[in-house]
1. Checking the structure you have, find out if any residue of the stretch 163-174 is of a type in the set (K, R), under 30 Å from S40 (Cα atoms) and in contact with a strand residue (DSSP E or B) (Cβ under 8 Å, 6 or more places away or on another chain).
2. If you go through the stretch 126-147 one residue at a time, how many are over 21 Å from W60 (Cβ atoms), part of a loop (DSSP other than H, G, I, E, B) and open to solvent by less than 60 Å² (accessible area, probe 1.4 Å)?
3. Given (1) part of a strand (DSSP E or B); (2) touching a residue at least 60 places away in the same chain (Cβ under 8 Å), where does V90 come up short, assuming only one miss?
4. Being more than 21 Å from the chain's Cα centre (by Cα) and in a loop (DSSP other than H, G, I, E, B) narrows it down to one residue among D153, D160, D95, D80; which is it?
5. In the stretch 44-81, what residues are open to solvent by less than 60 Å² (accessible area, probe 1.4 Å), free of Cβ contacts under 8 Å to residues at least 40 places away in the same chain and of a type in the set (G, A, S)?
6. When you look at T113, is it closer than 25 Å to P22 by Cα, out of contact with any Ser or Thr (no Cβ under 9 Å at 6 or more places or on another chain) and part of a loop (DSSP other than H, G, I, E, B), yes or no?
7. For residues in the stretch 10-43 being more than 10 Å from L79 (Cα to Cα) and among the β-branched types (V, I, T), which is surrounded by the most Cβ atoms within 10 Å (Cβ to Cβ)?
8. Could you tell me whether V102 is open to solvent by less than 60 Å² (accessible area, probe 1.4 Å) and not in a loop (DSSP other than H, G, I, E, B)?
Amino acid sequence: AWTAGAALEITEVMPFCDTGTPGGTWVELHNTASEDVNASRWRLEDADGRSWFVRPDRWWTPNATGEVLPADARGVLILDTGDSVAGTLVLHDPDGTTQSSVDLSNHGADTCTSLIHLDQPRSSPWPTPGTAEPDQADVAGPEDLLFTALLVDGALDDGDVEFIELRNTGDRPA
């Protein structure tokens, strides 16, 4: 029997994408326990009743840790090519007990845009499979970025050139 308690949590969802690393539709799982967790035999189920088990050909980690996920690490369950997810996703431990769920039913999925902060899902500024979600307070926002130059019809080395220049006036990286 599974006795470790609620150790894996759904933290990011890529509802549909056919490019990237990892490519395809994926769900990030975070080990919130203070010890390693063997993710094999954990199962994700969607609102249509489809299930995906964590197994070697569906599991990806940035550090190639295999199906054993170290404490506070993240792994990615890769779904079938062409699958997209919507509605409620439920993560079951090896005993079939629900350990994490997320409701995506009110969130349209843009292609290749992941969803984070899944208690109230929103689009991530960029996908972060296998790593912590970005804190948008750490990067420059619209108030920090200014259009400072615009060349609409120029020439350089016998070629046409158009460009815009952005200047970061804040103290956070853009």
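1. no
2. Here the count works out to 3.
3. Unmet for V90, out of (1) part of a strand (DSSP E or B); (2) touching a residue at least 60 places away in the same chain (Cβ under 8 Å): (2).
4. Result of the check over D153, D160, D95, D80: D95.
5. G49, S51, G66, listed by residue number.
6. So T113 does not fit the description; no.
7. Per the stated criteria, the residue is V13.
8. yes
The values are calculated or read from the model by the stated rules, or taken from the named source; none is laboratory data. Quantities reported herein were computed from a predicted structural model and do not represent experimental measurements. Virtual Cβ from ideal backbone geometry, glycine too; neighbours counted across all protein chains shown. Heads up: the accessible areas ignore ligands, DNA and RNA and are worked out on the full protein's heavy atoms, side chains in. Shrake-Rupley method; radii C 1.70, N 1.55, O 1.52, S 1.80 Å.
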